[in-house]
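Inspection log for the structure reproduced underneath, given as structure tokens.
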Amino acid sequence: MSGGAARYDLPEADDFTRPYWDAAAEGRLLLRRCGDCGRAHHYPREFCPYCWAGEDRVTWETASGRATLYTWSVIHRNDLPPFGTRVPYTAAVVDLAEGPRMMTEVVSCEAADLRIGMPLTVTFREAADGVWVAVFRPDQGQSSSRTQEPSASASASSARR
């Protein structure tokens, strides 16, 4: 992204994480699973953080996209671009159905309606051209989908989902 303001919400994809970001662009959430202990983990690491099995024993797998809300915080001020154009937003930690906890954002839900343990489902937001990030919304029995990032000129009400 040349010539524009610095962005603090974009991943630094490398050869190892490229499958994760490619899957996100296709509307799929990937996890890593250990072939030795069988446990899934997120964020992606080349080794198992539980039993320390090496990269030859840990593989990618598609997650179900289901989660429950563990905790959240409504962010009303963030001066780092582009977060300031999206306030208020709900930063959250969710428990994925496969076991790992994941930091994310909850969208399409008013803060007053959030409840610990509420079922969520993954959806994907385009944060920049071709860069999709996993966010979660209340589970209404729907499969994952993709949504567009609100433009910087969008009003605060349309930036809230």
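The values are calculated or read from the model by the stated rules, or taken from the named source; none is laboratory data. Keep in mind that what you see is a predicted model, and the values were worked out from it rather than measured. Every residue, glycine among them, receives a Cβ derived from its backbone with ideal geometry; neighbour counts consider all protein chains shown. Ligands, DNA and RNA are stripped out before the accessible areas are found, and what is left, the full protein with its side chains, is counted by its heavy atoms. Shrake-Rupley method; radii C 1.70, N 1.55, O 1.52, S 1.80 Å.
Could you list, in sequence order, the residues of the range 102-115 that are part of a loop (DSSP other than H, G, I, E, B) and either of a type outside the set (D, E, K, R) or modelled with pLDDT under 95 (or both)?
If the condition is that a residue be part of a loop (DSSP other than H, G, I, E, B) and either of a type outside the set (D, E, K, R) or modelled with pLDDT under 95 (or both), then Val107, Ser108, Cys109, Leu114 are the ones that fit.
List the pairs whose first member sits in the range 60-74 and is over 17 Å from Arg32 (Cβ atoms), whose second member is buried (at least 20 other Cβ atoms within 10 Å of the Cβ) and among the aromatic types (Phe, Trp, Tyr), and whose Cβ atoms are under 9 Å apart, counting only residues at least 6 apart or on separate chains?
Filtered contacts from the range 60-74: Leu69/Phe136; Val74/Tyr89.
Take Trp60 and decide whether it is touching a Pro at 6+ places or on another chain (Cβ under 8 Å), closer than 18 Å to Arg125 by Cβ and open to solvent by 40 Å² or more (accessible area, probe 1.4 Å).
In short, no.
Looking at the range 13-49, which of its residues are open to solvent by less than 10 Å² (accessible area, probe 1.4 Å), part of a loop (DSSP other than H, G, I, E, B) and farther than 16 Å from Arg125 by Cβ?
Residue satisfying the conditions is Cys48 alone.
Tell me, which residue of the range 103-138 that is acidic (Asp, Glu) and closer than 24 Å to Trp21 by Cβ is surrounded by the most Cβ atoms within 10 Å (Cβ to Cβ)?
Applying the filter and picking the extreme gives Glu105.
Determine which single condition Ala6 fails, assuming it passes every other condition in (1) in a loop (DSSP other than H, G, I, E, B); (2) open to solvent by less than 30 Å² (accessible area, probe 1.4 Å).
(2)
In the range 84-101, how many are part of a loop (DSSP other than H, G, I, E, B) and without any contact (Cβ under 8 Å) to a residue 60 or more places away in the chain?
Summing the residues that are part of a loop (DSSP other than H, G, I, E, B) and without any contact (Cβ under 8 Å) to a residue 60 or more places away in the chain in the range 84-101 gives 1.
So Trp72 fits all but one of (1) on the phi < 0 side of the Ramachandran plot; (2) surrounded by fewer than 17 Cβ atoms within 10 Å (Cβ to Cβ); (3) of a type outside the set (Lys, Arg); what number is the exception?
(2)
Any residue at all in the range 84-93 that's surrounded by 20 or more Cβ atoms within 10 Å (Cβ to Cβ), on the phi < 0 side of the Ramachandran plot and aromatic (Phe, Trp, Tyr)?
Yes, that holds for at least one residue.
So if I check each of Ala91, Ala128, which one is of a type outside the set (Phe, Trp, Tyr) and under 12 Å from the mean Cα position of the chain (by Cα)?
Ala91
Output the residues belonging to the range 132-154 that are closer than 23 Å to Leu10 by Cβ and at pLDDT below 95.
Ser144, Ser145, Arg146, Thr147, Gln148, Glu149, Pro150, Ser151, Ala152, Ser153, Ala154
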